[in-house]
Amino acid sequence: MKIFALSDKKTENLKEVIKELNPDLIITLWDFDYGDLMGLELIDIPKMGVYWNHCTRWYMETYGIQDLHLYPREFNGFIFGGLEWCVRYKNGDYIMYTQEEASTLLETFSKVDVFISHCPPFWINDNNDTAHEGFHALKTYIDKHSPKYLFHGHTYDDGKFVERYKDTQIVYVDRYRIIEI
């Protein structure tokens with residue numbers, strides 16, 4: 001199965017890029033404004049994703065994207081599920097979770113094959129600043145459930161990305177990436 005994953009940076013001519021690459025599934029992980037995905041709703045390819053810390057809320061239904069936040073969904077024999085947002089790094093009306101909130105949310109979340117998160121697990125592809133710290137709960141989830149894949153964005157490329165943690169393939173996405181599973 002060919003997955004087209006989007007994260008963090010706007011892709012010019014998105015519809016044309018997707019048509020050329022012809023994926024089986026589109027996964028959205030990135031920070032964007034409502035108009036950044038204009039036309040995606042016209043593409044007849046299944047779409048799944050989670051919300052992020054810098055995005056316009058409540059757009060997924062408009063674009064035909066199934067929300068995976070704590071909601072497992074089956075596609076092509078794989079179970080997909082995820083966790084939205086990132087670690088709270090500032091106060092105010094922002095879309096973020098504390099480490100404790102994320103732990104509570106994932107404590108009873110069922111096993112999935114492909115875990116989707118904007119934020120990475122703690123100490124796996126996160127950065128040394130509070131805005132890009134990973135979730136402890138994601139690392140605990142991997143230790144407990146060993147999903148086959150974990151896709152994330154949110155951090156910036158320092159050239160030292162972990163691609164495997166125990167039995168889980170870690171997939172960092174910056175702008176877009178084709179992943180074959």
| Here are some conditions: (1) surrounded by fewer than 20 Cβ atoms within 10 Å (Cβ to Cβ); (2) modelled with pLDDT under 85; (3) not in a helix (DSSP H, G or I). Residue 35 meets all but one. Which one does it not meet? | (3)
| query | Conditions: (1) open to solvent by less than 60 Å² (accessible area, probe 1.4 Å); (2) in a loop (DSSP other than H, G, I, E, B); (3) of a type outside the set (Ser, Thr, Tyr); (4) at pLDDT 80 or above. Residue 105 meets all but one. Number of the miss? | reply | (2)
| message | Checking residue 71 against (1) more than 15 Å from the chain's Cα centre (by Cα); (2) in a loop (DSSP other than H, G, I, E, B); (3) more than 26 Å from residue 21 (Cα to Cα); (4) at pLDDT 75 or above: exactly one of these is not met. Which one? | response | (1)
| Members of the stretch 39-63 that are at pLDDT 85 or above and either within 17 Å of residue 5 (Cβ to Cβ) or buried (at least 18 other Cβ atoms within 10 Å of the Cβ) (or both) | 45, 46, 47, 48, 49
| task | Among the candidates 111, 90, 139, single out the residue that is modelled with pLDDT of 70 or more and over 19 Å from residue 67 (Cα atoms). | result | 139
| said: Consider the stretch 157-181. How many of its residues are out of contact with any His (no Cβ under 8 Å at 6 or more places or on another chain), assigned to a strand (DSSP E or B), modelled with pLDDT of 85 or more and surrounded by 14 or more Cβ atoms within 10 Å (Cβ to Cβ)? | reply: 3
| field | Test: residue 154 is closer than 21 Å to residue 80 by Cα and modelled with pLDDT of 70 or more | value | no
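The values are calculated or read from the model by the stated rules, or taken from the named source; none is laboratory data. Owing to the predicted nature of the structure, the values given are computational and were not obtained by experimental measurement. With ideal geometry, Cβ positions are generated from the backbone for all residues, glycine too; neighbour counts draw on all protein chains shown. The protein model used for the area step is the full one, side chains on, heavy atoms only, and it has no ligands, DNA or RNA in it. Shrake-Rupley method; radii C 1.70, N 1.55, O 1.52, S 1.80 Å.
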